[in-house]
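First up is the structure itself, then whatever we jot down about it.
The values are calculated or read from the model by the stated rules, or taken from the named source; none is laboratory data. As the structure is a prediction and not an experimental result, all values here were calculated from the model. Ideal geometry is used to build each Cβ from the backbone, glycine not excepted, and the neighbour counts take in all protein chains shown.
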Amino acid sequence: MKKLFLLPILLIFMSCAPKDSQQENTLESENTTPTPNEEGELSIKTDVQFGEEFESAEVKSDSEMLAIYEGLSPGDSIQVQFQSEVQGVCAKKGCWMTLELPEEKNAHITFKGYGFFVPKDSKGHRMVVDGVAFIEQTDVETLRHYAEDAGKTPQEISKITEPQLNFRFIANGAKALD
C-alpha cells in the first residue's frame, strides 16, 4: 500500500523540469517562429519570417540552384540560400513546400526538426530559404503521402508507382519576399 502512495509523488517530481532546462527551451524558442495554433493560422499576407531568422547572403536564383542540384550526387549536401516562387504547400499544416526550378522541376522543402510551418496560402509568392540542399531517392509511400497532402485525387495518387530522385532541401528558416 505504501508503494502505491509513493508512486504519485514520484511521478510529480519526475514531471517537474529543472529551471535550467526550462530557460534553455525558452532561449531556443525565441529564435524560431511559432507554429500555427488555435488563435489563428499563419498567412502570407501578415507573416514574413518563418523558423530561424537569417541574414540573406549570396542568395542563389532558381536557375543557379538547378545547376547546383545537377552537380550533386545522392549523399552530397550543400549549405545554401535560394529564392524562388512557391509552387505548392502542404494543405493540411504548411509543413512542407515546393519551390520552382527551371525546366519544370522543383525543390521539395521541409523544415528542420518539423520546427516550423509556412502559410498554406504561400503558393504563387516568392520565398527565400536558408538550409541544406541534397538529392534523395524518395520511396513510393512517401511520394503518395506528399501527393495526398497536396490535395491530389486518388487517381493521381495511384499513378505513383516508382521511387524518384528528388531535389530536397531542409530549411532552417524561410522569408516571404512579396
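Remarks
- Of all residues in region 131-178, those satisfying the criterion of being out of contact with any strand residue (DSSP E or B) (no Cβ under 7 Å at 6 or more places or on another chain) and polar (S, T, N, Q) are 142, 153, 155, 158, 161.
- Subset tally (residues that are part of a strand (DSSP E or B) and out of contact with any Pro (no Cβ under 9 Å at 6 or more places or on another chain)) for region 127-141: 7
- Within region 75-93, residues that are farther than 18 Å from residue 43 by Cβ reach partners that are basic (Lys, Arg) and surrounded by 13 or more Cβ atoms within 10 Å (Cβ to Cβ) with beta carbons closer than 8 Å, at six or more positions or on different chains, in the pairs 80/60; 81/60; 82/60; 83/60; 83/126; 84/126; 87/123.
- Among the residues of region 134-142, some residue qualifies, meaning at least one is within 29 Å of residue 71 (Cβ to Cβ), of a type outside the set (Ser, Thr, Tyr) and touching a Phe, Trp or Tyr at 6+ places or on another chain (Cβ under 7 Å).
- Some residue of region 154-174 being part of a strand (DSSP E or B), among the aliphatic types (A, V, I, L, M), closer than 16 Å to residue 81 by Cβ and touching a Ser or Thr at 6+ places or on another chain (Cβ under 6 Å): yes
- Close Cβ contacts (under 6 Å, 6 or more residues apart or on different chains) running from residues in region 125-145 that are buried (at least 16 other Cβ atoms within 10 Å of the Cβ) to residues that are among the aromatic types (Phe, Trp, Tyr) comprise 130/54; 131/169; 133/169.
Rundown of residues vs (1) assigned to a strand (DSSP E or B); (2) over 19 Å from the mean Cα position of the chain (by Cα), yes/no style:
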{"position": "70", "(1), (2)": "no, yes"}
{"position": "74", "(1), (2)": "no, yes"}
{"position": "82", "(1), (2)": "yes, no"}
{"position": "88", "(1), (2)": "yes, no"}
{"position": "97", "(1), (2)": "yes, no"}
{"position": "120", "(1), (2)": "no, no"}
{"position": "143", "(1), (2)": "no, no"}
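- Failed condition for residue 42, given (1) within 19 Å of the chain's Cα centre (by Cα); (2) surrounded by 10 or more Cβ atoms within 10 Å (Cβ to Cβ); (3) at pLDDT below 50: (3)
- All positions within region 81-92 that are among the charged types (D, E, K, R) and surrounded by fewer than 16 Cβ atoms within 10 Å (Cβ to Cβ): 92
- Check on residue 78, surrounded by fewer than 16 Cβ atoms within 10 Å (Cβ to Cβ), β-branched (Val, Ile, Thr) and modelled with pLDDT of 90 or more: yes
- Some residue of region 79-98 being at positive phi and in contact with a Lys or Arg (Cβ under 6 Å, 6 or more places away or on another chain): yes
- Selected residue [among the acidic types (Asp, Glu) and at pLDDT 90 or above] from 30, 55: 55
- Test: residue in region 101-114 that is within 22 Å of residue 41 (Cα to Cα), part of a loop (DSSP other than H, G, I, E, B) and touching a residue at least 24 places away in the same chain (Cβ under 8 Å): no
- Across region 55-74, the qualifying residues are those that are under 14 Å from residue 167 (Cα atoms), touching a residue at least 24 places away in the same chain (Cβ under 8 Å) and not small (Gly, Ala, Ser), and the one among them that is surrounded by the fewest Cβ atoms within 10 Å (Cβ to Cβ) is 74.
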